[in-house]
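Colleague: Structure provided below as structure tokens; questions to follow.
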Amino acid sequence: MLVELVGGLAKAILNMPDEIDLYERAILLVFYLTEAAVILLRVDPRFTSQGFHVDCPVDPIGRVLRSYDTYDVAPCSACGAMVNTHHNAACLIRDKGLFQYSSP
Ligand SMILES: [Zn+2]
């Protein structure tokens, strides 16, 4: 089955190597350069591209209304801001990882 890749984030995720060794090297490099502790967690990235608008000023927060016409930049359902869908998805993945780490 041929899968059409459109977004840069999707291409980056699908092209990441399966070997953990590369990530461990990256973590060592970050630690060497910043002395910051880095913990590697696996996070399920599904449904993050159409998830909640991370910086939404409206309560309750809106969702990113992504479609084929608005793939890279899409409107928020609540505040109407045009959201970079890739940056928003990366923030949601980060937040899922932080929640996963802080939950027992
Ligand atoms: Zn919003």
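Colleague: If Lys and Arg each add +1 and Asp and Glu each add -1, what is the summed charge of the other residues whose beta carbon sits under 12 Å from the beta carbon of Val38?
Modeller: Numbers: positive: Arg25; negative: Glu24, Glu35.
Computed value for this residue: -1.
Colleague: Just round it to a whole percent: the fraction of Cα-Cα distances in the range 8-102 exceeding 15 Å.
Modeller: On the way: 2978 of 4465 pairs.
Across the range 8-102, Cα pairs with separations above 15 Å total 67 percent.
Colleague: Summing Lys, Arg as +1 and Asp, Glu as -1, what charge do residues with Cβ under 15 Å from the Cβ of Gly97 carry, Gly97 excluded?
Modeller: Working: positive: Arg42, Arg46, Arg94, Lys96; negative: Asp44, Asp95.
The answer is +2.
Colleague: Right, here's the next one. So, by mean Cβ neighbours within 10 angstrom, what's the order for 47-55, 69-77 with the highest one leading?
Modeller: Working: 47-55: 17.2, 69-77: 15.6.
Put in order of decreasing packing, that is 47-55, 69-77.
Taken together, the values in this text are just the output of simple stated rules run on the coordinates, not laboratory data. The structure presented is a predicted model; accordingly, all values stated were derived computationally and were not measured. Glycine gets a Cβ as well: all are built from the backbone with ideal geometry, and neighbour counts include every protein chain shown.
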